[in-house]
1. Would you mention how many residues in the range 202-248 are exposed (fewer than 13 other Cβ atoms within 10 Å of the Cβ), at pLDDT 90 or above and hydrophobic (A, V, I, L, M, F, W, C)?
2. In the range 178-201, which residues are under 24 Å from the mean Cα position of the chain (by Cα), surrounded by fewer than 16 Cβ atoms within 10 Å (Cβ to Cβ) and aliphatic (A, V, I, L, M)?
3. If you check LEU51 against the conditions, is it surrounded by 12 or more Cβ atoms within 10 Å (Cβ to Cβ) and in contact with an Asp or Glu (Cβ under 7 Å, 6 or more places away or on another chain)?
4. Would you confirm whether any residue within the range 61-69 is at pLDDT below 90 and in a helix (DSSP H, G or I)?
5. Within the set of pairs 6+ apart or on separate chains, which have a first residue in the range 79-94 that is touching a residue at least 24 places away in the same chain (Cβ under 8 Å), a second that is of a type in the set (D, E, K, R) and outside any helix (DSSP H, G or I), and C-beta atoms under 8 Å apart?
6. Given the conditions (1) surrounded by 13 or more Cβ atoms within 10 Å (Cβ to Cβ); (2) modelled with pLDDT of 90 or more, which single one is not true for ARG75?
7. Counting only residues that are among the aliphatic types (A, V, I, L, M) and in contact with a Lys or Arg (Cβ under 9 Å, 6 or more places away or on another chain), which one in the range 7-17 is nearest to TYR60 (Cα to Cα)?
Amino acid sequence: MNTYSLIKVGLTAQEAKVYLTLLYLGPSNAGKITSKAGIHRRNVYDCIERLIEKGLVSYYRQGKKRLFEAAHPNRLLQVLTEKEERIKDSYSDIKAMLPELISNYRFSSFKHEASVFRGREGLKTIFENILETGRENLILGAESKAPKILKHYLTKFHERRVAKKIKERFLFNSCERGRGKKLSRMPYTKVRFMPAPYSPSATINVYDNKTVIITWLEEEPLGILIENQHIANGMKEYFELIWKISKA
């Protein structure tokens with residue numbers, strides 16, 4: 001059984017495997033769980049302790065043995081509900097703290113320094129900045145890998161972008177017509193396809209005074225943000241030059 005959904009609930013991969021193993025086996029001792037799950041005995045004990053804390057595993061004694069038992073799967077919905085409530089509470093707390101946090105925020109006045117954002121969450125930070133800025137975003141070398149790596153996030157991003165009436169112009173590689181045509185049907189969105197041999201190995205976003213270089217690597221996507229008006233102006237000129245010789 002796939003453990004991905006359990007991981008999204010908040011379990012680690014090993015916790016998910018131990019829980020599913022107990023569902024299949026029924027009440028079992030640690031040795032039996034270890035053998036079936038293929039996880040080191042010490043790790044099994046650690047997983048069980050955490051699952052007990054989450055209310056997903058209980059235990060009882062049978063003679064000298066301690067047997068562990070998975071909680072009814074309905075408990076997973078309760079765990080998810082509790083997680084959502086904690087997130088709502090955290091959101092309210094952070095929102096209340098924001099004025100004080102902003103007043104204490106100290107940022108660098110040196111605008112030539114690049115900021116590096118690693119991983120999927122790092123890239124989301126960049127896209128949130130695009131929404132916050134509210135200026136037209138120019139995308140050079142757009143790729144079909146993007147929605148695979150950020151999955152549902154990009155769909156929501158575009159919904160919010162369109163709601164804010166933020167314009168985007170995409171220059172796709174000539175082989176990316178599928179995604180390009182789909183995006184071209186969105187409001188506030190224009191798409192053209194670069195002629196061969198233009199085929200950048202990275203995606204460049206230019207908006208306001210910012211230039212972002214993104215490499216869409218599945219193992220660790222990377223974004224480099226440069227906040228500099230001179231560089232942004234140069235990249236915008238380069239974009240417009242290619243835009244003129246590209247076709248819809």
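The values are calculated or read from the model by the stated rules, or taken from the named source; none is laboratory data. Note that the coordinates shown come from a computational prediction; the quantities given were computed from them, not determined experimentally. Glycine gets a Cβ as well: all are built from the backbone with ideal geometry, and neighbour counts include every protein chain shown.
1. Number satisfying all stated conditions: 2.
2. Answer for the range 178-201, where residues must be under 24 Å from the mean Cα position of the chain (by Cα), surrounded by fewer than 16 Cβ atoms within 10 Å (Cβ to Cβ) and aliphatic (A, V, I, L, M): just MET186.
3. Here the answer is yes, as LEU51 does meet what is asked.
4. No, every residue in the range 61-69 fails to be at pLDDT below 90 and in a helix (DSSP H, G or I).
5. VAL79/LYS54
6. Failed condition: (2).
7. My answer is LEU11.
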